[in-house]
Each structure stands twice: as C-alpha cells, then as structure tokens.
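Report on the following structure.
The values are calculated or read from the model by the stated rules, or taken from the named source; none is laboratory data. If you're wondering where the values come from, they're calculated on a predicted model, not measured in any experiment. Note: ideal-geometry Cβ built from the backbone for every residue, glycine included; neighbour counts use all protein chains shown.
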Amino acid sequence: MNFIYVFGFFALAAYLLQALLGFRQIKHFNNIYQSLRKKGKVAIGRRKGRFKAGTLVLFAVTNEGIILDAKKMQGVTVLAKFHSIPQYLGEDIHYLDTYNPLVRKENKLLRQAMENAREVFLRVEVGNYREEKPMSPVGVAINQLQLWKNQMKLKRKRSV
C-alpha cells in the first residue's frame, strides 16, 4: 500500500473521531445546560484557549443572583467534561470578582471565566448586553490591509 493512502486513512479516521467526540461534548453541554436551566437563570462564562485549556463555567442563579448550582469544564481536548464546584453554592454572583477569597483560590483561566460569567450576568441584568460576533478571517485580512495602506500613506507624507 502506498504511504499516501495510509496517511490519508489515518487523517480521515482522526478527523471522524474528533467529530464524534466533539458531538458527544456538545451533547453533554446541552444536557448540563438544560438541567441548570430548570433551576433558574444560567450565567455562562467562558475563557477561550487556543493553546491553553479552554474553560467554561455555568452558574444556575436566582433572580437576585444567588448561585443554586455551579459547573465548570476545563481542558484542551474534546474529552473534557463538566464537574461540580460546590463551594460556590449559595454565593452571590454579584460578588464573584478578583477580590473574592473563593475566586482567588482558583487558577487563572477559571477566574477569568468566572469574571466573564459575572460580567455577562450584570450586563443582562441592567439590560445592555449585546453578543459581539467575531470578525471573519477575510474581514481581519481586509482590516490589516487597510491598516498597512494607511501606514504607507502616513510614511510618504512624512518623507515629503
């Protein structure tokens, strides 16, 4: 058998395995989210990780901001699952900031995800939350090209 065929087979198998495990992870997220949604509002905090572990935090909260249930998912692979964080039950989400002694005990990525959940909850509570969509790779490239073009114009003006 040719090396290219063997390599192609393994690449396809790895891709299909990742897709299957990713589907299972999304299904697990949906199940956890639905169970928390039955308890009350759900505050979701996230900290994306490209080369570091990504972190998701879900808090089931009352209308007053008291945490009824808390779950976290942290990991690099699609094998990561949600785990309970019971030390936050009964806490007020309004006070989950960098000064809270419970939050200070957590790792940096989890702290950032918790602060994100708190910030999103506060913005929704006030009524001025708007989801920001990331720019497409083409949009980023166009912005970079325009920035480079403007820098070249500025350099020409200075040299004259």
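Okay, residues lined up against (1) touching a strand residue (DSSP E or B) at 6+ places or on another chain (Cβ under 8 Å); (2) within 26 Å of ALA53 (Cα to Cα):
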{"residue": "ASP92", "(1), (2)": "yes, no"}
{"residue": "THR98", "(1), (2)": "no, yes"}
{"residue": "ALA117", "(1), (2)": "yes, yes"}
{"residue": "SER136", "(1), (2)": "no, yes"}
{"residue": "GLY139", "(1), (2)": "no, no"}
{"residue": "GLN146", "(1), (2)": "no, no"}
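What is the one condition in (1) buried (at least 16 other Cβ atoms within 10 Å of the Cβ); (2) out of contact with any helix residue (DSSP H, G or I) (no Cβ under 9 Å at 6 or more places or on another chain) that LEU56 does not satisfy?
Exception for LEU56: condition (2).
Given region 54-160, what strands (runs of 3 or more DSSP E) lie entirely inside it while holding 3 or more residues that are in contact with a Leu (Cβ under 6 Å, 6 or more places away or on another chain), among the aromatic types (Phe, Trp, Tyr) and under 26 Å from ARG37 (Cα atoms)?
Details: elements: 54-61, 67-75, 82-84.
Hits in region 54-160: none.
Enumerate the pairs (first residue in region 126-145 and polar (S, T, N, Q); second residue anywhere and surrounded by 10 or more Cβ atoms within 10 Å (Cβ to Cβ)) with beta-carbon separation below 8 Å, excluding pairs fewer than 6 apart on the same chain, so at least 6 apart or on different chains.
From region 126-145, the pairs are ASN143/MET135.
Just to check your reading of the model, which residue among ARG158, ARG130, ARG118 is surrounded by 10 or more Cβ atoms within 10 Å (Cβ to Cβ) and of a type in the set (Lys, Arg)?
Numbers: ARG158 fails: surrounded by 10 or more Cβ atoms within 10 Å (Cβ to Cβ); ARG130 fails: surrounded by 10 or more Cβ atoms within 10 Å (Cβ to Cβ).
Matching residue, one of ARG158, ARG130, ARG118: ARG118.
Can you run down the residue pairs with Cβ atoms below 8 Å, 6 or more apart or on separate chains, where the first is in region 19-35 and at negative phi and of a type in the set (A, V, I, L, M, F, W, C) and the partner is surrounded by 12 or more Cβ atoms within 10 Å (Cβ to Cβ) and at pLDDT below 90?
As it stands, the answer is LEU21/VAL78, since those pairs meet every condition given.
Among the residues of region 65-80, is any hydroxyl-bearing (Ser, Thr, Tyr) and within 26 Å of GLU132 (Cβ to Cβ)? Before the answer, list the steps.
First pass over region 65-80, keeping only residues hydroxyl-bearing (Ser, Thr, Tyr): 77.
Pick out the ones that are also within 26 Å of GLU132 (Cβ to Cβ) and you get none.
Checking region 65-80: not a single residue is hydroxyl-bearing (Ser, Thr, Tyr) and within 26 Å of GLU132 (Cβ to Cβ).
For region 110-150, enumerate the residues that are under 28 Å from GLU64 (Cβ atoms) and of a type in the set (A, V, I, L, M). Show your work before the answer.
Our first condition is that a residue be under 28 Å from GLU64 (Cβ atoms); within region 110-150, this holds for 110-132.
Residues satisfying the conditions are LEU110, ALA113, MET114, ALA117, VAL120, LEU122, VAL124, VAL126.
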